[in-house]
Amino acid sequence: MAAFPEVGKVVYEGPQSKNPLAYKWYNPDEVVEGLTMKEHLRFSIVYWHTFRGTGSDPFGAGTMIRPWDDGTESVANAQNRARVAFEFIEKLGAPYYAFHDRDVAPEGATLAESHRNFEEVAKVLKEEQERTGIKLLWGTANLFSNPRYMHGGATTCNADVFAYAAGQVRKCLEVTHELGGENYVFWGGREGYQTLYNTDMKRELDNLGRFFHMAVEYADKIGFKGTFLIEPKPKEPTKHQYDSDAAACINFLRAYDLTDRFKLNIETNHATLAGHSMMHELDYAGMQRLLGSIDANTGDLLLGWDTDQFPTDIYLTTQIMWVLLKYGGIAPGGVNFDAKVRRESFEPIDLFYAHIGGMDAFARGLKIAAAIRADGVLADMVKDRYESWTRGVGQEIEAGQHSLESLEKYVLGKSEIEPNKSGRQELFENLVNQYI
């Protein structure tokens, strides 16, 4: 029996459509810069917020109406939920989904029981993938919710907890591989500290590096070729997380010799919590060839925590797609909707409205970014700003032909240095506005 009988296949109807259950901008077959929108955007629906979110917050109980859920933590209920999830994703026309292990299957009293539960639900996930053609973008293990992980999973002070986390990740990697997952994510929600008074930071980071190398070794053993992804976030739930931003993650990957297998999964709301823009984080990772995937959401600038709202800001999606196009796209990662409907948007139909709006916002951002790139005006203005590096002493510096002494001699030999060019920030911003 259908969980969403009132909703058919969501299709593209164009910008003039008034149908709230139709795409205005996301036309999966439309070609932009040589690829279809579907190929560029690689939309993924998350299991945790979309199918496990209750709408609860620190001030009140859950509000979500989910008729398909019987309220139990049984395997049968989890299997039914999986079928509902695929009905939803199929009707949206999204090509991918993503999960934490404990999202899709209930945790058991022992690790062995949890493994068995996971296996039983994974059978249904595989059946649904084969039925619909929907693929797994990535899997990940939840190493933060259970009280055993109060001190972290891979950075814990308790060696037995580290071992438990290793067993949980091993199983999740196995299932992710069995389901054809294209990536595997690590988010260090509790891999960090509250105070350095009680923390041996070097030991914790060394153990985190060991843990990741164990994951790579097991992936090689089972033939998993997917990309490993680290998701930066500076705080929440710990005061300081070791994966605080793109720079910290990339430094860690280099220090522990992991750059050949790991890239970053960057989220808008996490970037702003770190005091950066999404453009900054994407560009920083992209220029170092470590941009792997993105979590598509946004925060509320009036609130200081991770609100995981759906992205509807066209400026934001344009900026994101401009950077992604700059670095050749996002595959094998994707645009993963790590976003949740508001507590007050409690009806099942609201899940469709939220995702349709987010997908349209990204499709429109893609078209605007491609138009900016096609015209080349912005690129020409940037090129002109750095023109002094294409000739004379600038060209020589970048060719490695100078030292401090030679540059001092160069300046002393001039009557005056060249004047600066205006940054023209307002003009650059006005130019972007013309396209939006």
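Overview of results
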item: Carbon/sulfur fraction of accessible area - the chain, other protein chains in place, 1.4 Å, %; result: 53
item: Area accessible to solvent at Trp68, 1.4 Å probe radius, in Å²; result: 30
item: By accessible area with a 1.4 Å probe, ligands and nucleic acids excluded, highest first: order of Cys157, Cys172; result: Cys157, Cys172
item: Local electrostatic count at Arg210 - Lys and Arg +1, Asp and Glu -1, tallied over other residues with Cβ under 15 Å; result: -2
item: Average accessible area per residue (Å²) across the chain - probe 1.4 Å, nucleic acids and ligands excluded; result: 48
item: Hits among aspartates and glutamates - C-alpha to C-alpha of Lys202 under 20 Å, sequence gap 8 or more where chains match; result: Asp160, Glu191, Asp243, Asp245, Asp257
item: Beta bridges per DSSP with both ends in the chain, % antiparallel, nearest 5; result: 20
item: Of every Cα-Cα pair in the chain, the percent that sits beyond 32 Å; result: 42
item: The stretch 216-228 - phi-based ³J(HN,Hα) in whole Hz, Karplus 6.51/-1.76/1.60, Gly and Pro as x; result: 4, 4, 5, 4, 5, 5, 9, x, 6, 9, x, 7, 8
item: Gain in span if fully extended, Tyr327 to Arg210, counting 0.36 nm per residue against the direct Cα distance; result: 39.1 nm
item: Per-residue SASA entry for Asp57, accessible area with 1.4 Å probe, Å² rounded to 10; result: 70
item: Order by protection proxy (mean Cβ within 10 Å, highest first), peptides 48-56, 390-398; result: 48-56, 390-398
item: C-alpha long axis of helix 425-435 to longest principal axis of the chain, angle in °; result: 50
item: Separation of the Ala371 and Ile65 label points, Cα + 7 Å toward Cβ, nm; result: 3.9
item: Arg289, Arg116, reordered so the largest accessible area comes first (probe 1.4 Å); result: Arg289, Arg116
item: Separation of alpha-carbon centers, the stretch 209-275 and the stretch 319-363, rounded to whole Å; result: 22
item: Inverse of mean 1/r across different Cα pairs in the stretch 212-309, Kirkwood, Å; result: 14.0
item: The chain: angle of helix 75-92 to the longest principal axis, Cα-based, in degrees nearest 10; result: 50
item: Cα-based reach from Lys414 at 16 Å (exclusive), listing aspartates and glutamates while leaving out same-chain residues under 8 positions away; result: Glu405
item: Listed residue pairs exceeding 30 Å between alpha carbons, taken from Lys263/Lys340; Lys18/Lys367; Lys123/Lys221; result: none
item: Extension reserve of the Lys383-Asp57 stretch, reckoned as 0.36 nm per residue once the Cα distance is removed; result: 112.5 nm
item: Inter-label distance, nm, simple model (7 Å from Cα along the C-beta direction), Thr132/Ala22; result: 2.3
item: Amide proton proximity set for Tyr96, modelled H, under 5 Å, gap of 5+; result: Ile45, Lys135
item: Additional length obtainable on full extension of the chain from Ala255 to Glu73, 0.36 nm per residue less Cα span; result: 61.4 nm
item: Listed residues Leu324, Leu407 arranged by accessible area, highest first, probe 1.4 Å; result: Leu407, Leu324
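The values are calculated or read from the model by the stated rules, or taken from the named source; none is laboratory data. Since the model is a prediction, treat every value here as computed from it, not as a measurement. Every residue, glycine among them, receives a Cβ derived from its backbone with ideal geometry; neighbour counts consider all protein chains shown. Note: accessible area is taken over every heavy atom of the protein model, side chains too, but ligands, DNA and RNA are not part of it. Shrake-Rupley method; radii C 1.70, N 1.55, O 1.52, S 1.80 Å.
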